[in-house]
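I have placed the structure first, in the form of structure tokens, so that the comments after it can refer back to it.
The values are calculated or read from the model by the stated rules, or taken from the named source; none is laboratory data. None of these values were measured; they are calculated from a predicted model. Neighbour counts run over all protein chains shown; Cβ positions are idealised from the backbone, glycine included. All accessible areas refer to the heavy atoms of the entire protein, side chains included, with ligands and DNA or RNA removed. Shrake-Rupley method; radii C 1.70, N 1.55, O 1.52, S 1.80 Å.
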Amino acid sequence: MTIGLLKEPEGELRVALLPESVKTFIDLKVNVKVEKQAGETAFSKDENYQAVGAEICERGEILQADLVLSIHLPSQEEIDQLKENQVLVCQFQPLSNKELVDRLLKLRVTAFSMDNVPRTTRAQSMDVLSSMATVAGYQAVLTAANQSPRFFPMFMTAAGSIIPSKVLVLGAGVAGLQAIATARRLGAVVEAFDVRAAAEEEVKSLGAKFVKVEGAKDEVSAGGYAVEQSQDYKEKQQALIQEHAKKANIIICTAQIPGRKAPLLITKETVESMAPGSVIVDLAASSGGNCELTEDNKICEKHGVKIIGNSNLPSSMPMDASKMYGKNMVNFLKLIIGPEGQLNLNWEDDIVANTCVTHQGQVMSSRVKSILYPTETIN
Ligand code: NAD
């Protein structure tokens, strides 16, 4: 079997496999072809890939490999050229991309979306969402610290005392918890808010205060994810967040609901009530943002508050982010590569079945099937 590693599109600095991860596949008797300069922006040169046994090729050749691997989806034209039973492994948010899933079904491509890996203990080592959320949470706080006109820690100096910055983290999932830990390490006073009751314990264990709104809907069937809340809850939540936002110097927004628009937590009025010089970093920018005034991929200033909309912070740490992504890929691909380096799709394995979106014209992931095609029979 041949794995083809694509160079990511312009603006993305990560690569799905660093040479150290490629070596694992070479050791498993798999041929690896790497697109010219694929690792350049993550500080891995073509020679580094060649040194571990990979072949450097043009993009056209990579796209003909048995298994095509990347972080972002190849272009529409490139997808249309994929052949039946060719395997595509990348991240394409199938739940918000039905048109693409329809196309993959028609092409009878075997497509795995890494954002579909189940959030189970066994799948933790393959969970790219968690790895990248860790990078994003960390980078969000460093970005905020860089943009803030204030210190994070408390200082007692001959020039007087400096009080520590107050940081409010909205959403205490993987990114939020990493943001709390990073802000605490920098010496800030941190508060955090989440709709999931389980988050309270985790927030407190990191030395932050948990802001609690009573009456949240917390569904067991959502597999640990947040669900849409009632109107009454949203109003109570809005009032409490506004109260805490007014006192915060930094707000890190990470709240998301899979397959839906991000919840709106910071209204225009809340931004107006914040002190000038405050900073908001919105990691939910690409799914609408947690802040009403966020502009995706932009830094804007409204009422003296800097609002940074960035959903792709992992790209700003390409070396370690690629290292983590590659390690996740190795752990995942080992599930679908047999002892002789051949493709081995075991549909009895829940990780393989649920990460796979389409195979031979069928939707494989039960979650994707139930949400995108609740009543249809797919041929
Ligand atoms: P996510 O990116 O989907 O969302 C981020 C956070 O925003 C979540 O904690 C969510 O509860 C919160 N949120 C959503 N709506 C909100 C609202 N209106 N107000 C405030 N907060 C809101 O989350 P994630 O980081 O991907 O984690 C989701 C779940 O998966 C968590 O329960 C996490 O512990 C779990 N998880 C499990 C594993 C594993 O077992 N392998 C790995 C990673 C995450």
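Only one entry of L105, L82, L88 meets the criterion of being touching a Phe, Trp or Tyr at 6+ places or on another chain (Cβ under 9 Å), touching a residue at least 24 places away in the same chain (Cβ under 8 Å) and more than 16 Å from the ligand (Cβ to nearest atom), and that entry is L88. The condition of being open to solvent by 20 Å² or more (accessible area, probe 1.4 Å) and modelled with pLDDT under 95 holds for only one of Q124, Q93, Q81, that being Q93. Looking only at residues of segment 300-316 that are in contact (Cβ under 8 Å) with a residue 60 or more places away in the chain and in contact with a strand residue (DSSP E or B) (Cβ under 6 Å, 6 or more places away or on another chain), we find that the one that is least open to solvent (accessible area, probe 1.4 Å) is I308. Quick check, is M154 touching a strand residue (DSSP E or B) at 6+ places or on another chain (Cβ under 9 Å), of a type in the set (A, V, I, L, M, F, W, C) and at pLDDT 95 or above? Taking the combined requirement at face value, the residue satisfies it. Among the residues examined, T294 does not qualify as buried (at least 22 other Cβ atoms within 10 Å of the Cβ) and either part of a helix (DSSP H, G or I) or among the hydrophobic types (A, V, I, L, M, F, W, C) (or both). In the set R150, R196, R122, R185, only one residue is assigned by TED's automatic domain parsing to the domain that holds D350 and either within 15 Å of the ligand (Cβ to nearest atom) or more than 27 Å from S366 (Cβ to Cβ) (or both); that residue is R122.
Considering only segment 1-20, state which residues are charged (D, E, K, R) and open to solvent by less than 20 Å² (accessible area, probe 1.4 Å).
Here is the first cut: in segment 1-20, the residues charged (D, E, K, R) are 7-8, 10, 12, 14, 20.
Matches in segment 1-20: E8, E12, R14.
Note on segment 170-179: residues that are more than 9 Å from the ligand (Cβ to nearest atom) and either closer than 16 Å to L265 by Cβ or of a type in the set (D, E, K, R) (or both) total 1. Looking across segment 249-260, just one residue is open to solvent by 10 Å² or more (accessible area, probe 1.4 Å) and more than 11 Å from the ligand (Cβ to nearest atom), and that is N249. Cβ separations smaller than 8 Å between residues 6+ apart or across chains give the following pairs from segment 12-26 residues that are in contact (Cβ under 8 Å) with a residue 40 or more places away in the chain to residues that are assigned to a loop (DSSP other than H, G, I, E, B) and of a type in the set (D, E): R14/E8; V15/E8; A16/E8.
One residue is enough: does segment 317-333 have a residue meeting the conditions free of Cβ contacts under 8 Å to residues at least 60 places away in the same chain and not hydroxyl-bearing (S, T, Y)? The answer is no; no qualifying residue exists. Would segment 134-142 turn up any residue that is over 30 Å from L206 (Cα atoms) and away from the ligand (no atom under 16 Å from the Cβ)? Checked segment 134-142: no residue is over 30 Å from L206 (Cα atoms) and away from the ligand (no atom under 16 Å from the Cβ).
The C-beta contact set for segment 187-200 (first residue among the basic types (K, R), second residue within 6 Å of the ligand (Cβ to nearest atom) and part of a loop (DSSP other than H, G, I, E, B), distance under 9 angstrom, 6+ apart or interchain) comprises R196/A172; R196/G173; R196/G224; R196/Y225; R196/A226.
Every condition in (1) surrounded by 14 or more Cβ atoms within 10 Å (Cβ to Cβ); (2) assigned to a loop (DSSP other than H, G, I, E, B); (3) among the aliphatic types (A, V, I, L, M) holds for A197 except the one numbered (1).
Out of C253, C291, I need the residue that is closer than 30 Å to P118 by Cβ and touching an Asp or Glu at 6+ places or on another chain (Cβ under 7 Å). Which one? Just a single option satisfies the conditions, and that option is C253.
Can you confirm whether segment 301-312 contains a residue that is assigned to a helix (DSSP H, G or I) and in the same structural domain as Q147 (by TED's automatic domain parsing)?
No, there is no match, as no residue in segment 301-312 is assigned to a helix (DSSP H, G or I) and in the same structural domain as Q147 (by TED's automatic domain parsing).
Among the residues of segment 21-61, those identified as open to solvent by 40 Å² or more (accessible area, probe 1.4 Å), closer than 23 Å to P339 by Cβ and part of a loop (DSSP other than H, G, I, E, B) are L28, K29, G53.
For every residue, the table says whether it meets (1) at pLDDT 95 or above; (2) within 18 Å of the chain's Cα centre (by Cα); (3) over 30 Å from T24 (Cβ atoms).
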| residue | (1), (2), (3) |
| --- | --- |
| A262 | no, yes, yes |
| D282 | yes, yes, yes |
| I308 | yes, yes, yes |
| S311 | no, yes, no |
| Y325 | yes, yes, no |
| G338 | no, no, no |
| N346 | yes, no, no |
| E376 | no, no, yes |
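Within segment 100-109, is even one residue over 23 Å from G60 (Cα atoms) and open to solvent by 10 Å² or more (accessible area, probe 1.4 Å)? Yes, the conditions are met somewhere in segment 100-109.
Go through segment 62-121 and count every residue that is part of a loop (DSSP other than H, G, I, E, B), acidic (D, E) and closer than 20 Å to E10 by Cβ. Residues that pass the stated criteria total 0.
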